[in-house]
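What follows is one structure encoded as structure tokens, with my remarks underneath.
The values are calculated or read from the model by the stated rules, or taken from the named source; none is laboratory data. Note that the structure is predicted; figures quoted are calculated from it, not measured. Ideal geometry is used to build each Cβ from the backbone, glycine not excepted, and the neighbour counts take in all protein chains shown. Each accessible area value is taken on the protein alone, full model and side chains, heavy atoms only, with ligands, DNA and RNA left out. Shrake-Rupley method; radii C 1.70, N 1.55, O 1.52, S 1.80 Å.
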Amino acid sequence: MTTEELRASLLAAPKNGYTRLKEGQREEMESYCRDYRAFMDACKTEREATAWAVAEAEKRGFKPFTPGMDAKPGDKIYYNNRDKAIALAVVGTEPLSRGANICAAHVDSPRMDVKPNPLYEDTEIAYLKTHYYGGIKKYQWPTVPMAIHGVVCRRDGSRVTVTIGEDPSDPIVMVTDLLVHLSADQMQKTAAQVIAGEQLNVLLGTEPLEGEGSDLVKLNMMKLLNEKYGLIESDFLSAELTIVPAGPCREVGLDRSLLGAYGHDDRVCAFAELYSLFAIENPAKTAVCILADKEEIGSVGISGMQSHYFEHFMGTLCDAQGVKLEDCFAASFCLSADVSNAYDPNFPETCDLRNNSKLNYGISICKYTGSRGKGGCSDASAEAMSHIRTTFERNDVIWQIATLGKVDQGGGGTVAAYMANRNIVTVDAGVPVLSMHAPMELVSKLDCYETMLGCKAIYLA
């Protein structure tokens, strides 16, 4: 063999995905990304994503989960976990003793949560106090147009949905920052200290009500909330209100090759899972889609991936077929669909380029995440990596390898460890992201599309 023949047969030579798209795939990719943009505009919180998934699933014949229900081949079932997480299944022709093919993502994203007693007035400006959720660079969040999303359970027991700042006719809210002319001391602080957590106070308004007394601006804000939503101040105690960046998902770049939005991490993978699940009928193995909550703070709580709601769902399906849940899990495979960091040439010192995902090279397979010494990861086996690699290649899915930056730079986690703890073979894979956890993140259309194809291939493997 010649040197070039040896090179072609022995060495890996990843290529930009745009050179590998087949005829007709460009149009499919653009259509898929239009649908994804609409999903992102409608779903900025885990509650909104769950409600969207329920509505779309029911349109496609999915039935709500009930304990003791049947699980026959072709059945489509969903389990709405308290309006904050969801699991869906298309029952396969093979028994669950042969395992299930699972895709698991999360639908929560970093944000600012409104505190239980948040509303106050200071020098005739009304504010909401917040507590940031997930890992953020606090200095990125002031001076950004923000919206209020969430639900409030009122004192009469009724529940009202709140959305302020998304309609073009709505006002926005925001966090202020210090003017550069007076920031000599601020500019000497480290990036972690430039904005303190207790300074992430959301400006609500400045107009006082007519009359005498104190807190007239605060009272005016409460009056406006009461007129629109029937709220009183004590209702904040039974509210889940979040402050998120306002505005739609936008095309980015003169070539429109990227999408910019809040919360790509990890709704970009969640949508890929849903879209591909909705496209399949009568799979061999049962196909299961999980959209979990609380990943950004450790997958804890009743709606996180460590909760036993997943066992409750899968256990009922297994009982219907006379299968032990443990046997099903032991024979199952899970794609932990979560984003990776895309290589950013502005910050080359943070990444090992040979092992970092790049834009436009397809879905990124990540053998392990974790921190520094692989702390907190599941570390997929050679056999698991072989399965996902060969599955993608058989289905012409464009893929690449990924790690989360240089070893000593930091790290992060996904739901993979919690699926692996259930004795389910698990591998991380997902969309590379620029500016992850910022108020606006960037992803490649091509990588979004290939991730959807990758999820579909796993369901049908």
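General observations
- The overall shape of region 13-65, judged from the alpha-carbon gyration tensor, is prolate: a/c is not under 1.5, and a/b is greater than b/c.
- Dipole magnitude of the chain, debye to nearest 20 (Cβ charges: Lys/Arg +1, Asp/Glu -1, about Cα centre): 1080
- Cα centroids of region 105-144 and region 1-18: 50 Å apart.
- The residues of the chain present an accessible area of 46 Å² per residue when probed at 1.4 Å with all protein chains retained.
- Tensor-based shape of region 248-348 (alpha-carbon gyration tensor, a/c under 1.5 rounded, otherwise prolate or oblate): prolate
- Accessible carbon and sulfur surface of the chain relative to its total accessible area, %, 1.4 Å: 52
- For the chain, DSSP calls about 70 percent of its internal beta bridges antiparallel.
- Fraction of antiparallel bridges per DSSP, region 1-116 only, in percent to nearest 5: 75
- Using the Karplus relation 6.51 cos²θ - 1.76 cosθ + 1.60 with θ = phi - 60°, the per-residue 3J(HN,Hα) values for region 429-437 come to 7, x, 8, x, 10, 9, 6, 4, 6 Hz, with x marking Gly and Pro.
- Solvent-accessible area of residue 303, all protein chains in place: 10 Å² (probe radius 1.4 Å, heavy atoms, ligands and nucleic acids excluded).
- Once the Cα-Cα distance is subtracted from the 0.36 nm per residue extended length, the residue 167 to residue 31 segment shows a gain of 46.5 nm.
- Greater than 22 Å apart at Cα, pairs in 76/294; 137/189; 84/223; 285/456; 76/445: 76/294; 84/223; 76/445
- Computed lengthening from residue 122 to residue 280, 0.36 nm per intervening residue step minus Cα-Cα distance: 51.3 nm
- Each label point was placed 7 Å from the Cα along the Cα-to-Cβ direction; for residue 308 and residue 214 their separation is 5.0 nm.
- Database remark: amide H of residue 342 closer than 5 angstrom to the amide H of 433, 434 (H placed geometrically; neighbours at sequence offset of 5 or more, or on other chains; Pro and chain starts carry no H).
- A 1.4 Å probe over all protein chains sorts 274, 6 by accessible area into 6, 274, starting with the largest.
- Exposure rank, largest accessible area first [72, 358, 324; 1.4 Å]: 324, 72, 358
- Hypothetical label at residue 56: residues of region 269-289 whose amide nitrogen lies under 14 Å (7 Å Cα-Cβ projection): 269-280, 289
- Estimated from the Cβ-Cβ distance and a Förster radius of 60 angstrom, the FRET efficiency linking residue 182 and residue 7 is about 0.50.
- In order through region 102-114: 3J(HN,Hα) via Karplus (6.51 cos²θ - 1.76 cosθ + 1.60), integer Hz, x for Gly, Pro: 10, 10, 10, 10, 10, 10, 8, 9, x, 6, 10, 8, 6
- The distance from the alpha carbon centre of region 264-300 to that of region 343-417 is 19 Å, rounded to a whole number.
- Gained length - residue 372 relative to residue 18, 0.36 nm times residue gap less alpha-carbon distance: 124.1 nm
- Among 187, 123, 57 - extreme Cα towards positive end, dipole of the chain, charges at beta-carbon: 57
- Anisotropy class of the chain from Cα gyration tensor, a/c 1.5 cut: oblate
- Scalar couplings 3J(HN,Hα) for region 303-308, obtained by applying the Karplus form with A = 6.51, B = -1.76, C = 1.60 to θ = phi - 60°, are 10, x, 6, 7, 5, 8 Hz; x denotes Gly and Pro.
- Cα-projected label distance for residue 326 with residue 159, points at 7 Å along beta-carbon direction, nm: 3.6
- Distance between the 7 Å Cα→Cβ label points at residue 393 and residue 409: 2.8 nm.
- List 347, 271, ordered by accessible area with a 1.4 Å probe, largest first: 347, 271
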